[in-house]
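Asks: Okay, here's the structure, questions in a sec.
Derivation of every value follows stated rules applied to the coordinates shown; laboratory data play no part. These numbers were taken from a predicted model, which means no experiment stands behind them. Because the Cβ atoms are built from the backbone with ideal geometry, glycine has one as well, and the counts that use them run over all protein chains shown.
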Amino acid sequence: AHTLFPLYSSFVHPDITEHAKHDLLTDCRHSAEVQLGKAASKVKSPHYLRYCPLCIGAQVKQYGEAFWARRWQLPGLSVCAE
């Protein structure tokens, strides 16, 4: 629920999506990245986990704790979309 899988799987045939999901669940990550087109993308993913300190503050205020948000890791974005 908190991975980038939905971002990449939206652009490929459903059969490829299912095969890639299987590969991810069986620890064949590289194969899934190739199938979903991530490996060939000109927009590269960050090499580190990113977060938004303002969103973290809002999460703690609203929920009492912070959690990871998929939107912070979207390739090509250098600022939080919120």
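Asks: To make sure I understand, if each residue's beta carbon is the centre and we count other beta carbons within 10 Å, what order do Phe67, Phe5 fall in, fewest to most?
Replies: Working: Phe67 10, Phe5 17.
The most exposed by this proxy come first: Phe67, Phe5.
Asks: Counting only residues 5 or more places away or on other chains, whose amide H sits under 5 Å from the amide H of Ala66 once H atoms are built in the peptide plane?
Replies: When sequence neighbours closer than 5 places are left aside, there are no close amide H contacts.
Asks: Computed from the mean reciprocal separation of all distinct C-alpha pairs, what Kirkwood hydrodynamic radius does the stretch 43-82 have, in Å?
Replies: On the way: mean 1/r = 0.0924 Å⁻¹.
Mean inverse Cα-Cα distance, inverted, gives 10.8 Å.
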